[in-house]
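The values are calculated or read from the model by the stated rules, or taken from the named source; none is laboratory data. Being a predicted model, the structure only gives us computed values, none of them experimental. Every residue, glycine among them, receives a Cβ derived from its backbone with ideal geometry; neighbour counts consider all protein chains shown. The protein model used for the area step is the full one, side chains on, heavy atoms only, and it has no ligands, DNA or RNA in it. Shrake-Rupley method; radii C 1.70, N 1.55, O 1.52, S 1.80 Å.
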Amino acid sequence: GERGRHCSPGGRAVSPQPFSTFKGFGVTFRQIFRKPITQQYPEYKRPVYPRFRGRHRLHRHENGLEKCVGCSLCAAACPADCIRVVAAENTADNRVSAGERYARIYEINLSRCIFCGYCELACPFDAITLEAEYEISEYSRDDLIYTKDMLLAPPVKRMPVADRDLYDTPIPAYKARS
């Protein structure tokens with residue numbers, strides 16, 4: 001019969017390079033004597049970088065009106081096609097946003113989102129931002145579809161953000177002018 005490439009005449013497997021096996025054991029042996037690096041994750045949250053893109057959030061004006069006017073530019077810019085916007089007209093007795101229209105339905109499917117930030121860049125009113133919250137795992141895919149009410153609510157948990165002076169580049173031109 002035909003034998004494998006790394007078999008001895010007796011049929012037993014033989015390492016092609018015994019030196020590399022001992023070299024790997026050496027790496028393991030050196031790590032035994034080092035102090036372990038333990039992250040106290042649920043109690044201590046490691047700071048994220050200032051430009052970290054996490055959970056989406058819709059914003060309101062100071063007077064309580066929504067900044068989103070239902071223009072759907074964020075949905076058009078999204079490469080993952082995970083944003084759904086259905087606009088409706090503002091009326092005199094039901095004013096929701098400052099514009100002529102408002103987003104009657106605003107949904108983001110976070111199971112499809114790639115957190116690229118294009119929705120944030122496309123929005124002319126700074127209505128949507130990606131914040132520092134990264135604990136967004138769920139047991140069901142249906143729970144990852146965030147509705148407008150969920151996106152307008154303030155985050156449940158606050159994540160620490162690292163010092164901007166240490167880790168960030170200067171403020172980009174498009175942010176400095178606004």
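Residues in region 79-94 that are at pLDDT 95 or above, part of a loop (DSSP other than H, G, I, E, B) and open to solvent by 50 Å² or more (accessible area, probe 1.4 Å): 2 in all. Quick one: in region 95-125, which of the residues that are among the β-branched types (Val, Ile, Thr) and in a loop (DSSP other than H, G, I, E, B) is least open to solvent (accessible area, probe 1.4 Å)? If we take residues in region 95-125 being among the β-branched types (Val, Ile, Thr) and in a loop (DSSP other than H, G, I, E, B), then Val96 is least open to solvent (accessible area, probe 1.4 Å). Within region 113-148, the set of residues being more than 23 Å from Met159 (Cα to Cα) and of a type outside the set (Asp, Glu) comprises Ala122, Cys123, Pro124, Phe125, Ser140, Arg141.
Considering the conditions (1) surrounded by 10 or more Cβ atoms within 10 Å (Cβ to Cβ); (2) modelled with pLDDT under 85; (3) under 28 Å from the mean Cα position of the chain (by Cα), Ser15 is excluded by exactly one of them, (3). Within region 148-160, can you find the residues that are surrounded by 13 or more Cβ atoms within 10 Å (Cβ to Cβ) and either small (Gly, Ala, Ser) or at pLDDT 75 or above (or both)? Correct list: Lys148, Met150, Leu151, Leu152, Pro155.
Consider region 32-77 and keep the residues that are in contact with a Lys or Arg (Cβ under 8 Å, 6 or more places away or on another chain) and exposed (fewer than 13 other Cβ atoms within 10 Å of the Cβ). The one that is nearest to Lys157 (Cα to Cα) is Gln39. Given the criteria crowded, with 16+ Cβ neighbours inside 10 Å, at pLDDT 90 or above and of a type in the set (Ser, Thr, Tyr), does Tyr139 qualify? Against the criterion (crowded, with 16+ Cβ neighbours inside 10 Å, at pLDDT 90 or above and of a type in the set (Ser, Thr, Tyr)), Tyr139 does not qualify.
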